[in-house]
Amino acid sequence: MPSSENRRTSKACDPCKRRKVKCNGQTRCQQCTHAGLPCTYTTSLPDQPRKKAVRRGTVIAECRTLTSKSTNADSSLAPRVLSPHVPQSIASHPNPAFFLELLSDYEQYVYPMSPVITADSIHEMIMDMTDSTDAGSFAYIFAAVTMDLTRSEPVQDAPATRDRIAMLLTRSLELRRPLGLDSQPSVMHVMRDVFTEMSCMTLRRPELGHMYLREAISLLYMLNAHSEDDLARLDLEPRARLQRAYWECFIHERFTALTYHRPTCLNPLKALPDHDVSLPADVEIGFNSCIKNFCLVDRQFLDFWLGDRSGVTAGWVEEKQSQLEDIDWHCEVLQLPKMQQADLIITRHWLRTLTWQMGLSNTLLSSSPGSSILLSLSFPLRLSNQLRQFLTTIPRDLVGIHGSGILKKLFEIASTIADVVIHTPYTPGDDTVQRIHDILFLKKFVYSFAGLQSLWPELLTEKFEMIRDKYPGIKEMELLV
C-alpha cells in the first residue's frame, strides 16, 4: 500500500489552489508549511468557468494599493532620502503573502540562472523584513527581478508590470543603508546589487545598472572572493556560494562589456565553483555551462571588441570559432531543461556572430569555394539554419522569460544574418530557397516579441525590405514586411 505522503489527494487546500501548486491534502500541508501560509480548506463549490476563477497573483493588487500611498510608480528610479525620524520597523510593507507567492516562480525561473540566494533564505528575509531594512530591501528587489524574469513578454509591452517593477525597485533602494566603518558585506549584499542592476537594465537605465554592478564587484573584493587563500578558509557551502556570486558578476560584466562597450575589471577564477551537494544537478551543470560560455570572452577577445582590431588574425578567428563549436559542450547543454538551453545556446550563437563580425572588420573572410567555412562570408547563414532548428524545438515563452538581454542577442544575430543575405550574390537554387526560409523564420520569431520592435523600430525592418527587393521572384518575400 502506498504511504500517505505518496497518495494523491483529491482535495487541495485554499492557498495551494490559489497558487496552483501540488498539495498533499494533510491538515497542514507541506506547501503551506514551507511558505509560512495559513492552511485552510473550504467546502467545495460548483465548478466555475475558468475566466471567473481567482487568478494566481491577485495579491499583487494589494501591493500596488499599499505602496501607491508612498511611492509613485512613474517616479524616477533614484532613491528618495528617508526622514531620520522613520523607525527601523517599516509598517507600510505589503502583506508577506505578496512576496511569498513569488517564491515558487523564483525557484523555478530565476534561481537556476543565478544560483546564489536560495528560496529558503529569501523566505527568512521576508519574515524578517519588518525589523530589518536589509531584509526588506532584498525582499523588494527579489520581487522586482522575479516579476521581470517570469514573463514571456518584455515589460515594455506591459506598462502596469513595468510600473510595478519600478515601484519595487524604488522601495528596495529606499531601504538600503550605506555600509558603516565597521560593517562587513555579505553575499546577500552582492546579489542585491546584481538584481538591482538587472532591474535597471529592464527599465532601460543601463548607466544606473552598471553603477550597481560595479558596486557588487567592489563588495566581492571586500569579501576577498578573488583570493584562493581566503576562499580556502571557508567551509564548502559558503565557499561555493561566494564563488558562484563571483562568477555571476563576471558573466554580467562580460555581457555589459560586449553590449554597452564598458571596460571590465574581473578576471576569471582559476576553476569553476566547488561542487555543492545542496545545488540541484541540472542547476549546477547549467550555471557551469554559462561560465564556460563567457570564459571564451577572454582578455584578448575584449581588447579586440572594445579597441584596436588590427591584431585580429585568420588563425585567431578560426580558433575562437572552433572553441565555440565545442561538441561536448553542446551535448551537455542538450541534457538540460529547455529554459536553460534557450539562454545557453542563443548566447553561444551570439558570441559566434560577434567573432565573425571581428573577422569581417579586418577583411579576413572570404567567399571563395576553397576557404574554411569558419572564415566564410556566408558563415552566419549556417548559424541561422542551426538556430532555426533549435528554436523550433523549444516553446517561445522559454526564450521570452530571459528578459531584455536575450532580445539584444537575438537582434544582433538577426541583424548580422540580414546583412549577409543582402550582400551575398543572388544564385537561384535550393540553397537560396533554404536561406530565405531561414531568414523568414527568424524574422517571424524575433518580431513575435513586441519589445524587440520597440527597442529597434526601424533598423531590422529596413533590412528585411532590402531582402524582399533583392528576391522579387520568390513569393514568400512578401512575408518580410
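Give me the percent relative contact order of segment 327-443, please, defined on Cα pairs under 8 angstrom at least 6 residues apart.
31 percent
Rounded to the nearest 10 Å², what accessible area does residue 445 have for a 1.4 Å probe in the complete protein model?
Probe radius 1.4 Å; accessible area of residue 445 about 20 Å².
Over the heavy atoms of residue 462, what accessible area does a 1.4 Å probe trace out, to the nearest 10 Å²?
Accessible area of residue 462: about 90 Å².
Using 1/(1 + (r/R0)^6) with R0 = 35 angstrom and r between the beta carbons of residue 389 and residue 308, what's the FRET efficiency to the nearest 0.05?
For R0 = 35 Å, the calculated efficiency reads 0.45.
What's the ranking of 181-188, 333-340, 122-129 by average number of surrounding C-beta atoms within 10 Å, highest first?
122-129, 333-340, 181-188
Kindly sort 28, 382 by accessible area of their heavy atoms, largest first, with the probe set to 1.4 Å.
28, 382
Can you figure out the FRET efficiency of residue 274 with residue 424, using R₀ = 56 Å and their beta-carbon distance, to the nearest 0.05?
Using R0 = 56 Å, I get an efficiency of 0.70.
What nm value, rounded to one decimal, do you get for the distance between residue 160 and residue 396 when each label is placed 7 Å out toward the C-beta?
2.2 nm
Roll a 1.4 Å probe over the protein heavy atoms and report the accessible area of residue 366 in Å², nearest 10.
40 Å²
May I ask which of 408/463; 270/409; 22/338; 320/444; 408/444; 292/444 have a Cα-Cα span longer than 20 Å here?
270/409; 22/338; 320/444; 292/444
Could you work out how far apart the two model spin labels at residue 415 and residue 373 are, taking each label as a point 7 Å from the Cα in the direction of the beta carbon, and quote it in nm?
Between residue 415 and residue 373, the simple spin-label model gives 2.7 nm.
Can you tell me the FRET efficiency between residue 288 and residue 131 if r is taken as the Cβ-Cβ distance and R0 is 30 Å, rounded to the nearest 0.05?
Working from the Cβ atoms, E equals 0.20.
The values are calculated or read from the model by the stated rules, or taken from the named source; none is laboratory data. In this text the structure is predicted, and so the values were computed from the model without any measurement. Counting neighbours? That spans all protein chains shown, and the Cβs are built from the backbone with ideal geometry, glycine included. Just so you know, the surface numbers come from the protein's heavy atoms only, side chains and all, with ligands and any DNA or RNA stripped out. Shrake-Rupley method; radii C 1.70, N 1.55, O 1.52, S 1.80 Å.
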